[in-house]
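The values are calculated or read from the model by the stated rules, or taken from the named source; none is laboratory data. Note that the structure is a prediction, hence the values are computed from the model and not measured. No Cβ is skipped: glycine too gets one built from the backbone with ideal geometry, and neighbour counts run over all protein chains shown. What goes into the accessible areas is simple: the full protein's heavy atoms, side chains included, and nothing from ligands, DNA or RNA. Shrake-Rupley method; radii C 1.70, N 1.55, O 1.52, S 1.80 Å.
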Amino acid sequence: MKEIITGRIFIISAPSGTGKSSLLRALIKKKGRNMKLSISYTTRKIRSHEKDKKNYFFINMKKFQNMINNNDFLEYASVFGNYYGTSKKFVIKNIRLGYDILLEIDWQGAQRVLKKIPSSRSIFILPPCKETLQKRLLSRNQDDKSTISLRMQNVAQDIKNGLKYHYIVINDNFELALEEIHHIICSEHLRSREQILKNYNLIHEFFLQDDVRDKPY
Ligand code: 5GP
């Protein structure tokens, strides 16, 4: 019998400074019994508040190249001059176990994942306005001025690509944005195709009863 995979992939992208990491961590904490956040591999330098294996697996270019050669990535991309990649093993293992996997990746990665696994769903998070985004980037104090200006220059391109995502959520009110992402995930699991596969026995039962009733005694 064909394997029924119940876990789904949800891709979440946003311009830097939109609050996507905080949203996803809160989502896992509050609603995430059946969700896991995929931790990416990166060649980027670790920031002072970050922890290896928690925020990212921080590796050097040689190791990253070996992982590319071993076909270890579901997708990888160069973003702001550093490489980032998603572990294929982690994602496949956990969707088979029935977990939803949240991928916090950029639009290039999103396109690649959607091509390989079309049942994945993409959610783009928009900041409430340009000024708020600029303020958030400056206040989090984690990048130098030239990186912040590079990130701001990329916002329009990010948003242009984000308009092609399945869903768009605006992070004006944190709690509301959190609920909206959760609703998207829940409603994707209620789509008929998935419900028919998951509840095959229940649905089949009704047809069986009809068969019995139709039979002459
Ligand atoms: P940051 O350096 O601010 O943590 O992340 C920079 C960008 O890289 C963000 O847009 C983030 O979503 C993206 N990113 C993080 N991990 C991955 C990944 O595994 N693959 C891809 N394609 N992008 C990633």
Whichever residue in the range 13-26 is away from the ligand (no atom under 11 Å from the Cβ) and in contact (Cβ under 8 Å) with a residue 24 or more places away in the chain and, among such residues, is surrounded by the fewest Cβ atoms within 10 Å (Cβ to Cβ) = S22
Out of (1) under 24 Å from L163 (Cβ atoms); (2) away from the ligand (no atom under 14 Å from the Cβ), the one K29 does not meet is (1)
Scanning the range 74-96 residue by residue, those more than 9 Å from the ligand (Cβ to nearest atom) and at negative phi turn out to be K88, K89, F90, V91, I92, K93, N94, I95, R96
Pull up the range 31-56, narrow it to residues that are of a type in the set (S, T, N, Q) and in a loop (DSSP other than H, G, I, E, B), then point me to the one that is most open to solvent (accessible area, probe 1.4 Å).
-> S48
For the range 53-64, pairs from a residue that is under 10 Å from Y41 (Cβ atoms) to a residue that is surrounded by fewer than 16 Cβ atoms within 10 Å (Cβ to Cβ), with Cβ under 6 Å and 6 or more apart or across chains, are F58/I46; F58/D52
Say whether the condition of being of a type in the set (V, I, T), away from the ligand (no atom under 16 Å from the Cβ) and part of a helix (DSSP H, G or I) is met by at least one residue in the range 119-140.
-> yes
